[in-house]
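Engineer: The structure under discussion is supplied below as structure tokens; questions concerning it will follow.
The values are calculated or read from the model by the stated rules, or taken from the named source; none is laboratory data. Being a predicted model, the structure only gives us computed values, none of them experimental. Neighbour counts run over all protein chains shown; Cβ positions are idealised from the backbone, glycine included.
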Amino acid sequence: MKEEVYKEGAILYFENDPSGRIFIVRSGTVELSREAGDSSPRRIHPGELLGLSDSLGGKRRIGTARAVTNVSANVLDVAELEALLARNVEVALKVITSLCAELREIDEMIVRRMRGGMAGTMSRNAGLRMIADRFRRKNMIRAARYAYARFLETDPSGEERLEAALHLANLCEKDGEPEPALEIYKRLIQEFPEDPRPMGAYERLRGFLETLGASPS
């Protein structure tokens, strides 16, 4: 991670540039705007992150970033960010918050373009699930738990809800907290009585705790 300095009016990157670098603004203000003009420019302030969603998604820049004032920022690539997330839960939560803000902005743009009220909700839910899955694959347990919990708050249904809740319960187990996992499994048994996975997971964990002399609920 290195520090870079930009004078007022300087361009950090242009829309459609290759992505890959993530900025943590230390001082000053950056404005992110799109050529399409279908969303208001968004301002990034000290302590906030810039360029997350396109870098994590491996896509081109979704807007042009311009320094509104003199700006200093820490710059890192995706691998450096993932290493930092693995060491620091607070940074992981800040990343999730920043990504959610970017997703909300994209939602609003989709709604304006399609003039359909459901488009934004669908996009935001998919984005939260993508974030949770990425953290889980990287074994960032606390960050993944937080992201799955946020996703489940959006009230998904069917297989999507079942899979996310099973992942959350499994992460609770890995985090050394079997009781929340058991509660999740019990709720899923009631919600999805025809699916064998919640009951199988509940009985497996309950049996394991009994062998340890614990008293599972």
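Engineer: Could you grab me the full set of residues in the range 195-214 that are more than 15 Å from residue 163 (Cβ to Cβ) and surrounded by fewer than 14 Cβ atoms within 10 Å (Cβ to Cβ)? Before you say what the answer is, go through the steps one by one.
Structural biologist: Within the range 195-214, the first condition is being more than 15 Å from residue 163 (Cβ to Cβ), and the residues that meet it are 199, 202-214.
Listed by number, the residues that qualify are 203, 204, 207, 208, 210, 211, 212, 213, 214.
Engineer: Considering only the range 122-145, state which residues are under 9 Å from the mean Cα position of the chain (by Cα) and either modelled with pLDDT of 80 or more or outside any helix (DSSP H, G or I) (or both). Full working, then the answer.
Structural biologist: Looking only at the range 122-145, we keep the residues that are under 9 Å from the mean Cα position of the chain (by Cα), and these are 127-135, 143-144.
Once the filter is applied, which keeps residues that are under 9 Å from the mean Cα position of the chain (by Cα) and either modelled with pLDDT of 80 or more or outside any helix (DSSP H, G or I) (or both), the range 122-145 yields 129, 132, 133, 144.
Engineer: Out of curiosity, is residue 34 of a type outside the set (Phe, Trp, Tyr), at pLDDT below 85, more than 19 Å from the chain's Cα centre (by Cα) and surrounded by 14 or more Cβ atoms within 10 Å (Cβ to Cβ)?
Structural biologist: Values: of a type outside the set (Phe, Trp, Tyr): yes; at pLDDT below 85: yes; more than 19 Å from the chain's Cα centre (by Cα): yes; surrounded by 14 or more Cβ atoms within 10 Å (Cβ to Cβ): yes.
Yes, satisfied.
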